[in-house]
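Presented below is the structure to which this report refers.
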Number of protein chains: 2
Amino acid sequence: MLLGAIEAGGTKFVCATGAENGQVSDRISILTTTPAETMTAVDDYFTTHPVDAIGIGSFGPIGVNPDDPKYGYITTTPKPGWGDFDFLGHLKSRFNIPLYWTTDVNEAAYGESMIGIAKDVPNSIYMTIGTGVGAGVISQNHIFNGRTHTELGHMRLNRLPGDDFKSNCSYHDICLEGLAAGPAVGKRTGKAGKDIPVDDPVWPIIADYIAQACVNLTVAFAPDKIILNGGVMNQRQLFPMIREKFAAYLNGYEEVPPLDDYIVPAGLGNNSGIAGGLLLAQAALKNA
Amino acid sequence: MLLGAIEAGGTKFVCATGAENGQVSDRISILTTTPAETMTAVDDYFTTHPVDAIGIGSFGPIGVNPDDPKYGYITTTPKPGWGDFDFLGHLKSRFNIPLYWTTDVNEAAYGESMIGIAKDVPNSIYMTIGTGVGAGVISQNHIFNGRTHTELGHMRLNRLPGDDFKSNCSYHDICLEGLAAGPAVGKRTGKAGKDIPVDDPVWPIIADYIAQACVNLTVAFAPDKIILNGGVMNQRQLFPMIREKFAAYLNGYEEVPPLDDYIVPAGLGNNSGIAGGLLLAQAALKNA
Ligand SMILES: Nc1ncnc2c1ncn2[C@@H]1O[C@H](COP(=O)(O)OP(=O)(O)O)[C@@H](O)[C@H]1O
Ligand SMILES: Nc1ncnc2c1ncn2[C@@H]1O[C@H](COP(=O)(O)OP(=O)(O)O)[C@@H](O)[C@H]1O
Ligand SMILES: [Zn+2]
Ligand SMILES: [Zn+2]
């Protein structure tokens, strides 16, 4: 049995094949241009690399609710050409195999939950802080969705006294993504993320907002683990800063796991998504 | 078949009997004093009113995770005598019938979800804004719990510019409960809640914090409905104020149901909890 995975990002798509244990055997990276061009490359890949099922995690917003007429679509993205694109329908018409469809962050969350840093616990949250902020929630080893998928990057937090940075989110004067995602860090400092020194005064601010978000994730979902990934989290000094602020904000109100085990980097690095896709493909095959 | 329900609050316990459809046939109210005294009254009630199963919703924090050694306990409550009390164990030793154990707000959320205002939708959140703030989340018609139950009253929000009210939560300088629960409203105005005029300047502040909380519930859980109940929500003018602020904060970022159907009062009034308890008793019986 060979499984397939797609990690569909706004910048690039990764297509891969691999095994039931999430081990990747082959992968390619495709630039995200137009649906016509990019999807042709996806089709070609899985035509030359035939698989038994594919797990797909896509940038969004997407339709994840089977009762929704836009199920399987990328819906209202500002990315030219991709709005209202029937991604799942496109694949279904070409590959007559089980397909699992979810968000990019849910896919990565599932990978971390099944074989990554959260493999020993049933409830975890994977949050990426990169160009945007998104999160996937795993509850009792299953992906959590409501009426639609979560949009946790846009939770409202307390604007720090003295922080007059204009939110980089075009919708919200205050939200995690607008105040603390990669582009916000870039604008705050005038530097590319990787060029900002580890002791730059911007980091305590970013750590504070991420810590506030972790408090809200804790009181909302009571996870066993919060996994932080994405470009900004390459700044490893953020982890102890976030844990310290988190402890101060939660202030002992409820018991949480030891913080070094609770707020953690991804176990699979950049492979969370693809590994999750393979495992979701397997789940789709099992349920078919 | 006769079902039982307990709504165990910090001020009073309600015990009731009723039918599978959540209809109450008998009820009593017991003052919450010591466990010995209060539980004797509970035991007496269900001895004189024998039932086939009991659904229990308790004030907390409580142990809701069957893997937790404190499962079935009221854990760290400051309420004298009730900390570390094995509530479920007490009932189990006296009544050899199926019991369903959850939080008071989960019980009420379940009632509203099954036969109340949210009966036609699978995902809803019941939030009470009274002496404290608590919420129960229903996902796909089931009670959502993580490692433990939610503590959504303590989510962190943006402190309004100019609002220098000292948080009434002893743990958090900023949280929904500390800034906007009944006692906070009391301290802000120096008046008993029911004596505050509908056009008092406190209400736009309270509505703002509740609206922020509704935004965070939306991006976290994507529910079909958010139900607001509890003493403070007797101020019915809050509903339109909350909806308006919510719309401004969400700012069209994602689609939500029409707000008059989305942010709503409870359908069962003060019966949400007891109705939920009867329905949970039925669920326990079915699964026994
Ligand atoms: N070492 C770094 N330190 C801080 N920020 C970084 C670092 N590396 C990348 N970033 C920022 O992370 C963002 C990219 O995030 P990434 O997770 O790699 O991609 P995406 O979110 O687009 O999938 C950019 O805004 C970039 O500036
Ligand atoms: N009509 C009202 N307007 C505003 N606040 C009220 C009103 N009625 C009760 N409250 C407040 O609600 C709180 C009690 O909430 P309630 O839901 O009745 O009980 P509890 O949360 O203790 O179960 C008190 O702080 C009270 O001041
Ligand atoms: Zn935003
Ligand atoms: Zn608090």
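Among the residues of segment A:73-86, just one is within 18 Å of the chain's Cα centre (by Cα), at pLDDT 95 or above and surrounded by fewer than 22 Cβ atoms within 10 Å (Cβ to Cβ), namely A:Thr75.
Scanning segment B:227-245 for residues that are within 23 Å of B:Lys194 (Cβ to Cβ), surrounded by fewer than 19 Cβ atoms within 10 Å (Cβ to Cβ) and out of contact with any strand residue (DSSP E or B) (no Cβ under 9 Å at 6 or more places or on another chain) returns B:Asn234, B:Gln237, B:Pro240, B:Met241.
Would you say A:Tyr253 is outside any helix (DSSP H, G or I), within 14 Å of another protein chain (Cβ to nearest Cβ) and within 28 Å of B:Arg156 (Cα to Cα)? For A:Tyr253, the condition - outside any helix (DSSP H, G or I), within 14 Å of another protein chain (Cβ to nearest Cβ) and within 28 Å of B:Arg156 (Cα to Cα) - is met. Of the residues making up segment A:36-51, just one is within 20 Å of A:Leu279 (Cβ to Cβ) and either touching a Lys or Arg at 6+ places or on another chain (Cβ under 7 Å) or surrounded by fewer than 16 Cβ atoms within 10 Å (Cβ to Cβ) (or both), namely A:Pro50.
When B:Ala275 is tested against the conditions (1) assigned to a helix (DSSP H, G or I); (2) touching a strand residue (DSSP E or B) at 6+ places or on another chain (Cβ under 6 Å), the lone failure is (2).
Let's see how each residue does on (1) assigned by the TED database to the domain that holds A:Val256; (2) of a type outside the set (Gly, Ala, Ser):
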| residue | (1), (2) |
| --- | --- |
| A:Phe59 | no, yes |
| A:Ile74 | no, yes |
| A:Pro80 | no, yes |
| A:Leu91 | no, yes |
| A:Gly111 | no, no |
| A:Asn123 | yes, yes |
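Listed by first and then second residue, the pairs linking a residue in segment B:49-77 that is farther than 22 Å from A:Val256 by Cβ to a residue that is among the aromatic types (Phe, Trp, Tyr), with Cβ atoms under 6 Å apart and 6 or more places separating them unless they lie on different chains, are B:Gly55/B:Tyr100; B:Ile56/B:Trp101. With the requirement that a residue be away from ligand 3 (no atom under 16 Å from the Cβ) and surrounded by fewer than 22 Cβ atoms within 10 Å (Cβ to Cβ), what does segment B:246-265 give you? Selection gives B:Pro257, B:Pro258, B:Leu259, B:Asp260, B:Asp261, B:Tyr262, B:Val264, B:Pro265.
Can you name the residue in segment A:137-175 that is more than 24 Å from B:Cys175 (Cα to Cα) and in contact with a helix residue (DSSP H, G or I) (Cβ under 6 Å, 6 or more places away or on another chain) and is also nearest to ligand 3 (Cβ to nearest atom) among such residues? Talk me through it step by step, then tell me what you get.
Taking segment A:137-175 as the starting set, the residues that turn out to be more than 24 Å from B:Cys175 (Cα to Cα) are A:138-149, A:168, A:170.
Cutting the leftovers down to in contact with a helix residue (DSSP H, G or I) (Cβ under 6 Å, 6 or more places away or on another chain) gives us A:138, A:143, A:146, A:168.
Numbers: A:Ile138: 23, A:Ile143: 23, A:Gly146: 18, A:Asn168: 9 Å.
That would be A:Asn168.
Scanning segment A:210-217 finds one or more residues that are among the polar types (S, T, N, Q), within 14 Å of chain B (Cβ to nearest Cβ), within 19 Å of the chain's Cα centre (by Cα) and under 25 Å from A:Gly146 (Cα atoms). Among the numbered conditions (1) touching a Leu at 6+ places or on another chain (Cβ under 9 Å); (2) crowded, with 24+ Cβ neighbours inside 10 Å, the only one that A:Leu91 does not meet is (2). For segment B:224-250, the set of residues classified as within 14 Å of chain A (Cβ to nearest Cβ) and touching a Pro at 6+ places or on another chain (Cβ under 9 Å) consists of B:Asp224, B:Lys225, B:Lys245, listed by residue number. For segment A:148-205, the candidate set comprises residues that are outside any loop (DSSP other than H, G, I, E, B) and within 9 Å of chain B (Cβ to nearest Cβ); within that set, the residue that is farthest from A:Asp104 (Cα to Cα) is A:His154.
The values are calculated or read from the model by the stated rules, or taken from the named source; none is laboratory data. Note that the structure is predicted; figures quoted are calculated from it, not measured. As a convention, Cβ positions derive from the backbone with ideal geometry for all residues, glycine included, and neighbour counts pool all protein chains shown.
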